[in-house]
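J.: The structure follows.
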């Protein structure tokens with residue numbers, strides 16, 4: 001619960017009821033808990049490995065994410081509990097629709113950001129590395145704006161070249 005500044009008549013509505021609390025508004029907030037960067041990394045790794053090979057395992061994920069297999073098992077149980085995947089120890093895992101959507105979103109953000117960084121002259125290896133960090137902390141509206149800029153620059157070679165020339169110095 002948060003305390004907010006009073007409105008002119010010190011009334012507010014919480015779940016359909018008007019309430020007054022000593023010149024402050026008692027505001028109930030429901031915060032949507034966004035996925036953590038680590039959760040996104042796991043979902044992305046699972047998605048990519050399944051797309052490439054048709055399956056993934058705890059050992060494969062441990063190698064990819066550079067963690068120990070028990071750490072992966074703990075995270076997989078959490079992801080299962082939170083509805084991102086279906087996991088049965090020693091049997092396998094499958095992303096749910098929710099998990100797949102998050103994974104695809106992360107991959108898309110990474111692609112857009114790394115392409116933008118490449119456009120402005122960041123070396124490919126550095127662009128991939130930087131995109132890996134940025135992708136977890138950028139809002140969807142920001143990614144959309146960057147994507148629109150990248151599309152514009154792809155279609156406008158003169159502008160693209162001007163940016164590349166400017167950033168070389």
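J.: For residue 124, state whether it is at pLDDT below 95, touching a helix residue (DSSP H, G or I) at 6+ places or on another chain (Cβ under 8 Å) and more than 18 Å from residue 43 (Cα to Cα).
T.: Spelling it out, residue 124 is indeed at pLDDT below 95, touching a helix residue (DSSP H, G or I) at 6+ places or on another chain (Cβ under 8 Å) and more than 18 Å from residue 43 (Cα to Cα).
J.: Of all residues in the range 39-64, which are surrounded by fewer than 16 Cβ atoms within 10 Å (Cβ to Cβ) and either in the same structural domain as residue 110 (by TED's automatic domain parsing) or under 20 Å from the mean Cα position of the chain (by Cα) (or both)?
T.: If the condition is that a residue be surrounded by fewer than 16 Cβ atoms within 10 Å (Cβ to Cβ) and either in the same structural domain as residue 110 (by TED's automatic domain parsing) or under 20 Å from the mean Cα position of the chain (by Cα) (or both), then 48, 51 are the ones that fit.
J.: Would you point out the residue of the range 136-156, among those that are over 28 Å from residue 35 (Cα atoms) and surrounded by 10 or more Cβ atoms within 10 Å (Cβ to Cβ), that is farthest from the chain's Cα centre (by Cα)?
T.: 156
J.: For the range 83-92, enumerate the residues that are without any contact (Cβ under 8 Å) to a residue 24 or more places away in the chain and either crowded, with 16+ Cβ neighbours inside 10 Å or closer than 13 Å to residue 43 by Cα (or both).
T.: Passing the criteria: 83, 86, 87.
J.: Looking at 129, 144, 137, which one is more than 20 Å from residue 57 (Cα to Cα) and touching a residue at least 12 places away in the same chain (Cβ under 8 Å)?
T.: Exactly one residue qualifies, and that residue is 137.
J.: For the range 157-168, state whether one or more residues are surrounded by fewer than 14 Cβ atoms within 10 Å (Cβ to Cβ), part of a loop (DSSP other than H, G, I, E, B) and either modelled with pLDDT under 95 or in contact with a strand residue (DSSP E or B) (Cβ under 9 Å, 6 or more places away or on another chain) (or both).
T.: No; the residues of the range 157-168 include none that is surrounded by fewer than 14 Cβ atoms within 10 Å (Cβ to Cβ), part of a loop (DSSP other than H, G, I, E, B) and either modelled with pLDDT under 95 or in contact with a strand residue (DSSP E or B) (Cβ under 9 Å, 6 or more places away or on another chain) (or both).
The values are calculated or read from the model by the stated rules, or taken from the named source; none is laboratory data. It should be emphasised that the depicted structure is a prediction, and the values quoted were computed from it without experimental measurement. So basically every Cβ, Gly included, is an ideal-geometry build from the backbone, and we count neighbours across all protein chains shown.
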